[in-house]
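Input: a single structure, listed below in structure tokens.
Just so you know, all these numbers are worked out from the coordinates, no wet-lab data involved. Quantities reported herein were computed from a predicted structural model and do not represent experimental measurements. Here the Cβ is made from the backbone with ideal geometry for all residues, glycine too, and neighbour counts use every protein chain on show.
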Amino acid sequence: MHQIIEKAKKEKRSLLETEAKELLREYGIPVPDFRLIENEDEVSKITSEISFPLVMKIVSPDIIHKSDAGGVKVGIKDEKEAKLAYQEIIFKAKKYNKKAKISGVIAYTMVPQGTEVIVGMMKDPHFGPVAMFGLGGIFVEGLKDVSFRIIPLEERDAKEMITEIKGYEILKGVRGESTKDIKAIRKVIMKISQLTLENPEINEIDLNPIFVFEKGLQVVDARMIL
Amino acid sequence: MKSMENFFNPHSIAIFASMKEGKTGYEIVKNMVEGGFKGNIYPVSQSGGQIFGVNINKDFKNLEIDLAIIAIPGQFIPSLLEDLGSRGVKSAVIISAGFSEVGNIEEEKEIKKIAEKYKMRIIGPNCAGIMNTGCNLFASIEVRALLGQTAFITQSGALGGAVLMMAEELGFGFSKFVSYGNRCDVDEVDLIKYLEDDPQTKVITLYIEGLEEGRRFLTQAKKTVLKKPIIAIKAGKSKAGMRATSSHTGSLAGEDKIYDAAFKQAGILRVEGVEEMFDLCRGLIHYPKIKGNKIGVITNSGGPAVLTTDKLEELGLMVSEPSESLKNKLKKILPPHVSLGNPFDLLAYGGAENFAQVSKTISSEYDVIIAIFVPTASMDSVEIATALGKIKEEIKIPIFANFMAGRLVKKGIEELNRYGIPNYETGERCAKVIQKIILRTSKINNFNLCN
């Protein structure tokens, strides 16, 4: 069992955002450079290691809806703002849920807006692990324009998952927009298949959103449920 | 696999059921005798006497039994199975109901246990029986299927019966029919595996309400589709995802979407319902593969051709224009005024000779031909059908027909059948069939490439 998973299991919780992203990084899935800040004194050191602007978010096994808890700050430009953001996030989190166990605050370099997609995994009682792909934002929420395949996937499955959604045209580029890096998406889907098979303790995965660019992509938020 | 073989090609079959008129046993024996089963038929019942000229056995001590058909009340089934098992009977179909479908899970488990003990295979319980038209085996309460090349496997016995009745009306036959009910032992996967090598079966059709072992099914289906097409009707499309989940992915994954994905992944062709199933079977039996998506439409009438073309294009198929050299060839054989574009509208000149010539000429540039014909006072549908039938043997690409309509073209359609040209009442239905066959072809080509 992967040590990240073993630790989470012992503490009877799912993976923290930092842990999920760590795992993704091990599998070669691109995530923005991130650090976990565990106390206020670490802010200076850590912000000197990664480049601004930053996104900072609460990391707590007991807070799932981070925005509701006032636990998300974006566009942080310097060390001073980072300190203030840290204090505010922790303060609001404690107010939101007094009993919440707080692991710290994740800080990562803000990624420019790309085309939002979502890649996920869930387990079906009869088919076992299933991979999902869709365009993010309103496409997923409003139109449920998503595709599924049973894991393990073959290359052709990943390819079909992408081409089969209605929003595929958007990835190919409409109204003069450039074509997005479809090959990179395919790679993420295949890696999720592999990660799922090698870590059977994980029951659900949401990589949402993933920002896709003309070249490459970045997983902005990740959840893994044990 | 001997036990599976016993289900479909038994030398002797014993029927355990009430033989009173109108009861299950009576109906089965009637089907077996009237259907002309060549092996031994042994009705077994305490009543004794005779039924349809066959003696009813009071016990089965001296009988050699390959297949037992059981329709006695549920509580007597375990002891009967013990008896049969200890005497070496390897295959049984349990028609009796009242098991897991009504919550009686214990008794069904007991049956399964006895079957395992004697290595006996069981179809059912709570099913409508099985048929193999190839050897006149009609061990079922349903109407006897006509001889054909499609195997039909159904979870619902009632729907199975209805499909057989509809098929009879259409003159559509089956190779095998299996109603597997609660599938306490033999399931879809075992049946698909058996049918994969059944020489009489060209197409496998399934009616599924739910799968227990989805992954096992997927693995088997992926192998089988390389040999023969599988068509599935999956009930329960409207059921929304009802699982407990905390992720976004989980909340979006309705049961039906997972089935849809699994079918696509396995190369199974999913159809909406029974009508589409028949349509597709009739196409696949003659044309299991279509190698490209360029469709040539030949017609003697504008309206139906436009509807067909619209549907073909909506489905992503190409009704492409002929090349200049092909146009020149057509010019030489056709009267003036006739359109040289696709659809090839022969207008009132559309006689048998023209249909045949144009089919032959365009076959070099297209992957499929759809011949649309609406009879006129001077033109007989049989002649057109014969001409198309003869040309079909000459050219290498599939020909589909859309003869319109009803009794005006009844004789013509019979003639098309003789030559193995599937006819559809509308071009739209024909287009859907072609699209699915092309889809299957590209899928299995893809599978083969990857293997």
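At a threshold of 8 angstrom on Cα-Cα distance, excluding pairs fewer than six apart, so keeping six or more, what relative contact order does chain B reach in percent?
Details: 894 pairs, mean separation 45.6, N = 451.
Taking the mean separation of contacting Cα pairs over the length of chain B, I get 10 percent.
Counting only C-alpha contacts under 8 Å and six or more residues apart, can you give the relative contact order of region A:33-109 as a whole percent?
Details: 140 pairs, mean separation 36.7, N = 77.
Taking the mean separation of contacting Cα pairs over the length of region A:33-109, I get 48 percent.
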### Task
Starting from the Cα gyration tensor of region B:36-154, take the square roots of the eigenvalues, sort them a ≥ b ≥ c, and report rounded, prolate or oblate (rounded when a/c is under 1.5, otherwise prolate if a/b is larger than b/c, else oblate).
oblate
### Query
Arranged by the count of other C-beta atoms within 10 angstrom, fewest first, what order do B:MET166, B:MET32, A:MET132, B:MET120 take?
B:MET166, B:MET120, B:MET32, A:MET132
### Summary
Connecting every pair of Cα atoms under 10 Å apart in chain A and solving the GNM, the largest mean-square fluctuation among A:ASP78, A:ASP124, A:ASP33 falls on A:ASP124
#### Entry: Set of lysines with alpha-carbon distance to A:LYS66 below 19 Å, sequence-local pairs under 8 removed
A:LYS21, A:LYS57, A:LYS83, A:LYS92, A:LYS94, A:LYS95, A:LYS98, A:LYS99, A:LYS101
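For the cross-link pairs B:LYS360/B:LYS432; B:LYS329/B:LYS360; A:LYS123/B:LYS193; B:LYS234/B:LYS264; A:LYS123/A:LYS187, which exceed 18 Å when the distance is taken from alpha carbon to alpha carbon?
Check vs 18 Å cut-off fails for B:LYS360/B:LYS432; A:LYS123/B:LYS193; A:LYS123/A:LYS187.
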### Query
Other chains near A:128-136: what is the mean number of their Cβ atoms within 10 Å of each residue's Cβ?
3
## Note on the structure
Exposure proxy check on B:THR219, A:THR18, B:THR154: fewest-to-most Cβ neighbours within 10 Å is B:THR219, A:THR18, B:THR154
### Query
Each residue of region B:396-413 in order: what ³J(HN,Hα) in whole Hz does its phi give by Karplus 6.51 cos²θ - 1.76 cosθ + 1.60, θ = phi - 60°, with x for Gly and Pro?
8, 9, x, 10, 10, 10, 9, 8, 10, 8, x, 5, 4, 10, 4, 5, x, 5
### Task
Note down the magnitude of the dipole of chain A about its Cα centre, charges +1 on Lys and Arg C-beta and -1 on Asp and Glu C-beta and zero elsewhere, to the nearest 20 debye.
380
### Query
Which whole-number percent gives the relative contact order of region B:288-441, counting Cα pairs below 8 Å spaced six or more residues apart?
31
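Classify region B:288-441 as rounded, prolate or oblate, taking a ≥ b ≥ c as the square roots of the eigenvalues of its Cα gyration tensor: rounded when a/c is under 1.5, otherwise prolate if a/b is larger than b/c and oblate if not.
Numbers: a/c = 1.37, a/b = 1.05, b/c = 1.30.
Rounded is the answer for region B:288-441, as its axis ratio a/c remains below 1.5.
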### Query
Among the DSSP beta bridges whose two residues both lie in the protein assembly as shown, what percent are antiparallel, rounded to the nearest 5?
50
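Is the shape of the protein assembly as shown best called rounded, prolate or oblate, per the rule: a/c under 1.5 gives rounded, else a/b larger than b/c gives prolate, else oblate, with a ≥ b ≥ c the square roots of the Cα gyration tensor eigenvalues?
Details: a/c = 3.31, a/b = 1.34, b/c = 2.46.
Here the protein assembly as shown falls in the oblate category.
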### Task
Just the number, please: percent antiparallel of the DSSP beta bridges in chain B, rounded to the nearest 5.
15
## Note on the structure
Given unit charges at Cβ for Lys, Arg (+) and Asp, Glu (-), the dipole magnitude of the protein assembly as shown about its Cα centre in debye, nearest 20, is 660
### Summary
Residue separation between A:ASP62 and A:LEU84 times 0.36 nm, minus their alpha-carbon distance, gives in nm 5.6 nm
### Task
Obtain the nm distance between the two label points defined at B:ASN446 and A:LYS101 by a simple spin-label model: each point lies 7 Å from its Cα along the Cα-to-C-beta direction.
4.5
### Task
Indicate, rounded to the nearest 5 percent, the antiparallel portion of the DSSP beta bridges found entirely in region A:88-226.
100
### Summary
In nanometres, the difference between 0.36 nm per residue of separation and the alpha-carbon distance of B:LYS223 and B:LYS58 is 54.8 nm
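Can you figure out the FRET efficiency of A:GLU155 with B:HIS11, using R₀ = 51 Å and their beta-carbon distance, to the nearest 0.05? Let's see the in-between values first.
Details: r = 49 Å, r/R0 = 0.96.
Calculated value: 0.55.
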### Message
Taking θ = phi - 60°, what integer Hz values does the Karplus form 6.51 cos²θ - 1.76 cosθ + 1.60 yield along region B:117-130, in sequence order, with x for Gly and Pro?
### Response
4, 9, 6, 9, 9, 10, 9, x, x, 6, 10, 9, x, 9
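Quick one: putting +1 on the C-beta of Lys and Arg, -1 on the C-beta of Asp and Glu, what dipole do you get for region A:33-109 around its Cα centre, in Debye to the nearest 20?
On the way: 14 positive and 12 negative charges, 86 e Å.
Charge dipole of region A:33-109: 420 debye, to the nearest 20.
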### Summary
Distance in nm between B:LYS112 and B:GLN50 label points, each 7 Å along Cα→Cβ, equals 4.5
